[in-house]
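Colleague: My questions will all concern the structure given below.
The values are calculated or read from the model by the stated rules, or taken from the named source; none is laboratory data. These figures come from a predicted structure and were not determined experimentally. Please note: Cβ atoms are built from the backbone with ideal geometry, for glycine as well, and neighbour counts cover all protein chains shown.
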Ligand SMILES: *Cc1c(COP(=O)(O)O)cnc(C)c1O
């Protein structure tokens, strides 16, 4: 047995085992689907503390996701303080108000939830401002404040009209498929932003794989005009295998690695 200072704490051991299990599931799903590549894992750390992000970084996690600026902002600052350049990259994956864009671009290297032209403009202005002020920042939260922000367009892949969804099932957010081309053109033209692909959340009560395949088809259409927009961010704890079969390049896994969340998130 190694001495105390090299023995991981219980929480690290727990995270390590859960992380290995999820990495195995991803690798197995990719192999079963006959894929030569393995999708990237983004560990969704919402509702869990900065200490867990530090533990995950020590276990080799380089990409983490958060869905609320109010929670992510102080967490990213705490992790930057603890890890400096070794901090993981932050992916913002939740509904984003335009007035929060200036905060989010200080720590996020990617936003997966771009869902309207108005938000594109706000993100672009925020990145430009971040660059202008980079020299004055005491400690930049992004590894390279001059780089472009990776943008994915979140698409609402639920074919049901609002009125046709069962009681208690609301929309999962995102742009209508018909609006993707316009938003993509806005991202591609905006200073400081880089169009990387599409994101979705499977609609509740429908077949997840079918929904993911519809996002993959939209991605193929998008790449006709935007060849760099190759990412498909789809798949969560409950449906990661379906997403990998449908061609996910990035899966976003929270509860199966960090444990159940309380009421929020
Ligand atoms: C919370 C969240 C996830 C992770 O969900 P789990 O079921 O905990 O794996 C993925 N994507 C988005 C957009 C989320 O909000």
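Colleague: So is residue 109 part of a strand (DSSP E or B) and away from the ligand (no atom under 16 Å from the Cβ) or not? Explain how you work it out, then say what you get.
Modeller: Numbers: part of a strand (DSSP E or B): yes; away from the ligand (no atom under 16 Å from the Cβ): yes.
Spelling it out, residue 109 is indeed part of a strand (DSSP E or B) and away from the ligand (no atom under 16 Å from the Cβ).
Colleague: Which condition breaks for residue 228 when tested against (1) under 19 Å from the mean Cα position of the chain (by Cα); (2) at pLDDT below 95; (3) away from the ligand (no atom under 13 Å from the Cβ)?
Modeller: Unmet for residue 228, out of (1) under 19 Å from the mean Cα position of the chain (by Cα); (2) at pLDDT below 95; (3) away from the ligand (no atom under 13 Å from the Cβ): (2).
Colleague: Right, next: Taking segment 46-63, which residues are within 12 Å of the ligand (Cβ to nearest atom) and out of contact with any helix residue (DSSP H, G or I) (no Cβ under 6 Å at 6 or more places or on another chain)?
Modeller: Here is the first cut: in segment 46-63, the ones within 12 Å of the ligand (Cβ to nearest atom) are 46-48.
Result: 46, 47.
Colleague: Something else: Take residue 245 and tell me if it is more than 13 Å from the ligand (Cβ to nearest atom) and at pLDDT 95 or above.
Modeller: Numbers: more than 13 Å from the ligand (Cβ to nearest atom): yes; at pLDDT 95 or above: yes.
Taking the combined requirement at face value, the residue satisfies it.
Colleague: Quick one: is residue 217 farther than 20 Å from residue 179 by Cα and away from the ligand (no atom under 12 Å from the Cβ)? I'd like the intermediate steps shown before the answer.
Modeller: On the way: farther than 20 Å from residue 179 by Cα: no; away from the ligand (no atom under 12 Å from the Cβ): yes.
Criteria not met by residue 217.
Colleague: Check 38, 22 and return the single one that is outside any helix (DSSP H, G or I) and surrounded by fewer than 21 Cβ atoms within 10 Å (Cβ to Cβ). Even if it seems obvious, please write down each step before you answer.
Modeller: On the way: 22 fails: outside any helix (DSSP H, G or I).
38 is the lone residue from the list that is outside any helix (DSSP H, G or I) and surrounded by fewer than 21 Cβ atoms within 10 Å (Cβ to Cβ).
Colleague: Could you count how many residues in segment 129-149 are assigned to a helix (DSSP H, G or I) and either over 30 Å from residue 191 (Cα atoms) or modelled with pLDDT of 85 or more (or both)? Break it down stepwise before answering.
Modeller: So the first thing to find is which residues in segment 129-149 are assigned to a helix (DSSP H, G or I), and the list is 129-136.
Of the ones still in play, those that are also either over 30 Å from residue 191 (Cα atoms) or modelled with pLDDT of 85 or more (or both) are 129-132.
Summing the residues that are assigned to a helix (DSSP H, G or I) and either over 30 Å from residue 191 (Cα atoms) or modelled with pLDDT of 85 or more (or both) in segment 129-149 gives 4.
Colleague: Also, quick follow-up: All but one of (1) under 28 Å from residue 206 (Cβ atoms); (2) buried (at least 19 other Cβ atoms within 10 Å of the Cβ) hold for residue 68; which doesn't?
Modeller: For residue 68, the exception is condition (2).
Colleague: Are there any pairs, at least 6 apart or on different chains, whose C-beta atoms fall under 8 Å, with the first in segment 224-240 and within 23 Å of residue 22 (Cβ to Cβ) and touching a residue at least 12 places away in the same chain (Cβ under 8 Å) and the second away from the ligand (no atom under 16 Å from the Cβ) and assigned to a loop (DSSP other than H, G, I, E, B), and if so, which?
Modeller: What qualifies is 232/247.
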